[in-house]
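**Student:** Okay, here's the structure, questions in a sec.
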Amino acid sequence: MRLNFLTHVRGSPFAFPMAALAALAMFLISESSYQQASSTFEELGKQSVARTNIQTLWRSLIDAETGQRGYLLTGRREYLKPYEDGKAEAARSLGWLEQYYGADPYTAGLVKRVGNASKAKLSELSETMDLHDHGGGWQDLMLSNIGQEQMETVRSVSKTLLQFETERVDIARAKVSQTLMLNRIGVTAMTALSLLALFMYLRKA
């Protein structure tokens, strides 16, 4: 029986086409793995930018509040620059987050909450300075818990968004590992098939 099999192998007309198909399969497997890995790495890049914008939003609100407090306590106009810079940076980060998370109802709801809280906090900072410049009563507003409650909302929702991104990063890394493993298995299998086809072709020759 073994002799019959070897005789069939030596005379098989499919050896060369089998080798060609195996080579083509290896190319397709490699290209597919590359495309999947590239797509996943692109997702990881966007997730990194998302994390940066979440942290930037929180930091910008703190910078704006610090500038406001400095202006209220000293009356020096140079403290308005960190306030204005923080306000502008918060708006940019919030705009990016709204666009990035807008397609998903869950994350869109979180961004809406953090956006409302951020805008309320900035409004409170602006109103306090307006009272400082045009009369009084700014101390009462500054010492109230309104601004603190808004900052706590921003902190809490930002933490939830960061955790969401951390989980997505873990999933993306697992996808990369799986893609590389499948590529390894596929290439190994096609290499073995190519060697078998080469053996068949050489025996025929």
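Here, each number is a calculation from the coordinates, and none is a lab measurement. Values in this document were obtained by computation on a predicted structure and should not be read as measured data. Quick reminder, even Gly has a Cβ in these numbers, built from the backbone with ideal geometry, and neighbours come from all protein chains shown.
**Student:** Which peptide among 97-105, 81-89 comes first, and what is the full order, when sorted by highest mean count of other Cβ atoms within 10 Å? Intermediate results must be reported in sequence, preceding the final value.
**Tutor:** Numbers: 97-105: 14.1, 81-89: 16.7.
Going from most to least packed, we get 81-89, 97-105.
**Student:** Let a ≥ b ≥ c be the square roots of the eigenvalues of the Cα gyration tensor of region 55-130; is it rounded (a/c under 1.5), or, if not, prolate (a/b larger than b/c) or oblate? Write out the running numbers ahead of the final one.
**Tutor:** Numbers: a/c = 3.63, a/b = 2.45, b/c = 1.48.
Prolate is the answer for region 55-130, as a/c is 1.5 or above and a/b outweighs b/c.
**Student:** R0 = 22 Å: FRET efficiency of Arg69 with Arg155, Cβ-based, nearest 0.05? Please report the intermediate quantities before stating the final value.
**Tutor:** On the way: r = 18 Å, r/R0 = 0.81.
Here the calculated transfer efficiency is 0.80.
**Student:** Within the set Lys46/Lys175; Lys81/Lys159; Lys81/Lys121; Lys46/Lys81, which residue pairs have Cα atoms separated by over 26 Å?
**Tutor:** Among Lys46/Lys175; Lys81/Lys159; Lys81/Lys121; Lys46/Lys81, the Cα-Cα distance tops 26 Å for Lys81/Lys159; Lys46/Lys81.
**Student:** Rounded to whole Hz and in sequence order, give me ³J(HN,Hα) for region 115-123 from the Karplus expression 6.51 cos²θ - 1.76 cosθ + 1.60, θ = phi - 60°, writing x for Gly and Pro.
**Tutor:** x, 4, 5, 5, 5, 5, 5, 5, 5
**Student:** Let me ask something else about it. Quick one: which of 53-66, 123-136, 150-163 comes out on top by average Cβ neighbours within 10 Å, and what's the full order, highest first?
**Tutor:** Numbers: 53-66: 20.1, 123-136: 15.4, 150-163: 17.3.
Ranked by mean Cβ neighbours within 10 Å, highest first: 53-66, 150-163, 123-136.
**Student:** At a Förster distance of 22 Å, what's the computed FRET efficiency of Asp130 paired with Glu98, Cβ-Cβ distance as r, to 0.05? Please report the intermediate quantities before stating the final value.
**Tutor:** Working: r = 27 Å, r/R0 = 1.22.
Efficiency, from the Cβ-Cβ distance: 0.25.
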